[in-house]
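Heads up, the thing below is written out as structure tokens.
Computed from the coordinates by the stated procedures, all read-outs in this text should not be read as laboratory data. As the structure is a computational prediction, the values presented were derived from the model and not from experiment. Every residue, glycine as well, gets a Cβ built from its backbone with ideal geometry; the counts of neighbours run over all protein chains shown.
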Amino acid sequence: MTRFVIPGGGQPLARAAALCAALAALSRAAEVRSGSAVIDAPKSSTGSAAATGTKRESRCPPGTLPDARVCIPVPRDTESGAALIAAQNAHRERTGNWRFYDQIPRRPERPSDYRKYRLPVEPLPGQNMVVSGYDLDRPDDEQRRGSHLKAVGHGGIDIAQKRGTEAKLVNLEHQQGDAEVIFVGEVFGNSVVTRHAVREAGRLREYIIVWGHLQRSAPDIARGSNLREGSVVGFVGDSGSPGVVHLHFEVRRVREGVKVTDLAAGELTKNEKTVVCDPRNVLPLVSE
């Protein structure tokens with residue numbers, strides 16, 4: 001405890017002044033201990049606040065910002081995801097033409113095994129995790145092919161499960177707040193599209209998830225609905241992919257300046273509007 005000696009002997013005015021000074025010092029010490037400090041505006045030669053251009057922030061210690069006359073500690077952003085960088089790749093369509101596109105490949109430090117991640121539906125026992133995985137970061141000759149496929153290459157994951165199995169919302173890593181339903185209708189068969197705010201490198205970025213080939217969406221799902229972790233989005237089916245019962249799960253990052261809620265169904269997955277992202281970058285890992 002700090003002790004103060006009050007000078008002035010028996011002089012009442014001197015003792016009162018010294019007591020006020022001691023109380024002020026105690027108050028300042030308490031502020032410092034609590035993580036805040038009072039800042040004094042620098043004075044000019046005329047005794048007024050310093051001229052324009054003097055930064056009061058410089059009077060606050062590192063890790064704090066001024067709020068009125070107090071330096072407030074700023075929490076360190078320890079839960080911010082890494083910045084995801086888009087790369088360009090291409091594949092040859094069945095017409096023989098090359099299609100160039102942006103895509104966000106899996107970061108090297110993220111596990112390649114889908115079993116390491118929390119998924120919206122559990123895969124069937126004894127089966128591969130996915131019917132088809134993300135392959136847009138692979139060379140053209142290693143991307144998905146098939147005479148029955150409408151598109152070449154695959155920007156999501158297809159998870160096999162029994163018809164009617166619930167597909168439940170999984171919050172993305174570093175997601176802020178609830179997800180929002182922005183579309184219900186035809187994209188990849190019966191589909192639901194949700195919007196997610198994700199903190200990435202100290203800022204918020206918008207992502208969308210396309211839940212495709214559903215048997216149907218959940219009864220209470222509608223545009224504008226907010227969904228919490230574990231909410232049922234829809235039920236696994238084969239709409240748009242007859243005979244292949246699975247959930248198509250595709251993650252895309254919204255481009256800067258795009259108001260995704262204004263996009264028509266056919267624009268939601270357009271390269272110039274949203275960038276396809278390997279879902280392993282943003283899916284949460286299974287707890288050990």
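What residues from the range 258-288 fall in the zone where the backbone N is under 20 Å from a label point 7 Å along the Cα-to-C-beta line of R228? Only 284 pass the distance filter. Length available on full extension from R106 to L285: 0.36 nm per residue minus the Cα-Cα distance, which gives 63.1 nm.
Here the extension length gained between Q176 and N271 equals 31.7 nm, from 0.36 nm per residue of separation less the Cα-Cα distance.
Using the Kirkwood radius over C-alpha pairs as Rh, can you work out the diffusion coefficient of the range 143-279 via Stokes-Einstein at 25 °C, viscosity 0.890 mPa s, in µm² per second?
Stokes-Einstein gives a translational diffusion coefficient of 162 µm²/s.
Multiplying the residue separation of S239 and L124 by 0.36 nm and removing their Cα-Cα distance gives an extension gain of 39.5 nm.
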